[in-house]
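A.B. asks: Before anything else, here's the structure in question.
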Amino acid sequence: MSVRLELLGLMAVLAACPAPPRTPVRVPNPVPATQDPAVGVVAPGTAAPRLVVLLVVDQLPAWAFTAKRAALTGGFDRLLREGEWHTGRHPSAATTTAPGHALLGTGEPSATSGIIANSWWDRDAQAVVESVRDAKHAVTTAYLRVPGLGDAMAAANATRPIAGKAIAVSLKDRAAILPLGHAGVPIWYDPKTVAWTSTNPPAWLAEENRTHPIRPHLKDVWRPLDPARLATLTGIADAAPGELGDKGFGPTFPHDLGATKDPAQAIYAAPIGNELVLDLATTALAQEQLGADDVPDLLVVSLSANDYIGHAWGHESWEAWDALLRLDRRLEAFVSELDTRVGAGRWAMIATSDHGASPMPKGAITYQQLEDAANKAAATELGGGDWIADAHFPSVYLTKAALAQKDRAKALRKIVFALRSFPGLARVERTSDFAGHCDTRTGDAFRLCLTIDPQRTGEIIYVPRPGWIVMGADDPHATAHGSLNDYDQLVPVIMLPPGRTPHAAPARPSETTIQMVRVATILARWLGVSPPSNLPR
Ligand SMILES: [Zn+2]
């Protein structure tokens, strides 16, 4: 082989290598260590659970769950009668699905996980990539810089005679893949084939797609369980100000999937989406014999429909209430199934959310408005041109041409000033002023730092002010998430540790606010495996 060919080969190998390892950011719990709240504690002598479940309700703000709690008398009530009800705080402004799911499974914020958003501008590819999709839209875990719970299970399996299984199911690819990390079996919904798919499909999945096809549900009609009760519970009309609908659904009931332009997409924004995921989780329990032996298995169930419904109609809406009431009912059956298959008291669970959302906002800013304002400001320094590559939350990227300009620093200053004039933005900052060494920073500077991947984030970072959302002009929302505001960061955390004893269901959460970075470590402890953050990276 010629030297040149060898060099080319070496370069190909280097290009294929994963991103260099990095030191995890230790998120200091604001509660002093001596008072670190003891949550999810397992009493000494308790038998290991046979199955550990991470149940994620996508976009479930603490404020909205508390408001609906009294009406939830099914599955959620059962979980609360057995578990601890706390409030969890997501640590950064990256309160969106991919960073949130990565954090739940890895214990790491965006600064170390590398998952900064659902999608971002990739400077090398000069294209938008998704958290689990490369520039060619191929599924990948390459952007996740750290191990997840699936990796922790795989590491433990290497030294034990019986393997623990790690399976995740969701409508969303990112929600199934990221909590597991680089190993395990993630299964998600593919709207193109209207079927379940996986990077590592178990043998039974094709049969499941054949015997329980999703396609017949494309003609489903979502009608409210009880309109009179919804009117009382919400105190508003079905068509309240600000409600938009999504995926072809209008603002008011009924929502006919078959009448939308793309019913395969409409599945995401209707309760049937959650039901299909819980049906699949139930099938996985049986087919994989989850919890059948004393080596604990992991099942991640992420319920995406609540997220689309929140975006479409807001959490105060009839739709959001009806969706949670339906989930409450369906969850009761799922929890009974866990008792039947695994045994009462032999499974453990954390039920929580990847992020919250704003109450019906007072204002919205579009990415296009930000991009236009940024480009105009850059042009005052650089002259006319195409200077902005992307402005999706939470950062603004300059184009290659802008980065090549010697006056780019001046242009960045102009862009910062221009964006600060938006009344809906709380902070607009140069990313480089807040990137790296998060442990030396405090307050908002610390939280902004946790939001930033120094290599990946755009040159300018921004976060909305309370009551304001950012969104695509082509994808308007009733509400949204992604900020440092409590309504985005705070989520309910219901913990059912092994060896728990049933009790009266609490009417409100404990006074304890736990850092969401701890969830992965607690789950790993219950599973008897090393926390992902302790694995080599
Ligand atoms: Zn989400």
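Just so you know, all these numbers are worked out from the coordinates, no wet-lab data involved. Just so we're clear, the structure is a prediction, and the values are computed from it rather than from any experiment. Heads up, the Cβs are rebuilt from the backbone with ideal geometry, glycines too, and the neighbour counts pull from every protein chain shown.
A.B. asks: Checking the conditions here, which among Gly424, Gly343 is at positive phi and more than 16 Å from the ligand (Cβ to nearest atom)?
C.D. replies: Answer to the selection: Gly343.
A.B. asks: From (1) within 16 Å of the ligand (Cβ to nearest atom); (2) part of a strand (DSSP E or B), pick out the condition that doesn't hold for Val129.
C.D. replies: Condition not satisfied by Val129: (1).
A.B. asks: Working carefully through the options Gly150, Gly100, Gly105, Gly88, find the one that is in contact with a strand residue (DSSP E or B) (Cβ under 9 Å, 6 or more places away or on another chain), over 27 Å from Gly436 (Cα atoms) and touching a residue at least 12 places away in the same chain (Cβ under 8 Å).
C.D. replies: Gly150
A.B. asks: OK, next. Take the residues in the range 257-284 that are in contact (Cβ under 8 Å) with a residue 60 or more places away in the chain and hydrophobic (A, V, I, L, M, F, W, C), then tell me which one is surrounded by the most Cβ atoms within 10 Å (Cβ to Cβ).
C.D. replies: This residue is Val277.
A.B. asks: Cβ-Cβ under 6 Å, sequence separation 6+ or interchain: first residue in the range 296-325 and over 30 Å from Gly148 (Cβ atoms), partner within 16 Å of the ligand (Cβ to nearest atom) and part of a loop (DSSP other than H, G, I, E, B). Which pairs?
C.D. replies: Going by the 6 Å Cβ cut-off, the qualifying pairs are Trp313/Ala478; Gly314/Ala478; Gly314/Thr479.
A.B. asks: Identify the single condition in (1) of a type in the set (S, T, N, Q); (2) more than 16 Å from the ligand (Cβ to nearest atom); (3) in contact (Cβ under 8 Å) with a residue 40 or more places away in the chain that Ser353 does not satisfy, given that it satisfies every other one.
C.D. replies: Going through (1) of a type in the set (S, T, N, Q); (2) more than 16 Å from the ligand (Cβ to nearest atom); (3) in contact (Cβ under 8 Å) with a residue 40 or more places away in the chain one by one, Ser353 breaks only (2).
A.B. asks: Need a quick list: helices (runs of 4 or more DSSP H) entirely within the range 150-259 having at least 1 residues that are touching a Leu at 6+ places or on another chain (Cβ under 7 Å) and under 20 Å from Asp58 (Cβ atoms).
C.D. replies: Answer list for the range 150-259: 173-180.
A.B. asks: Follow-up question, since we're still on this one. Of the numbered conditions (1) farther than 23 Å from Ser119 by Cα; (2) in a strand (DSSP E or B), Pro423 satisfies every one except a single condition; which is it?
C.D. replies: That leaves (2) as the condition not met.
A.B. asks: What's the number of the condition Ala102 fails, among (1) more than 16 Å from the ligand (Cβ to nearest atom); (2) on the phi < 0 side of the Ramachandran plot; (3) not polar (S, T, N, Q)?
C.D. replies: Unmet condition: (1).
A.B. asks: Find the helices (runs of 4 or more DSSP H) located wholly in the range 304-383 whose residues include 2 or more that are surrounded by fewer than 24 Cβ atoms within 10 Å (Cβ to Cβ) and in contact with a Lys or Arg (Cβ under 8 Å, 6 or more places away or on another chain), and list them.
C.D. replies: In the range 304-383, the matching helices (runs of 4 or more DSSP H) lie at 318-342, 367-382.
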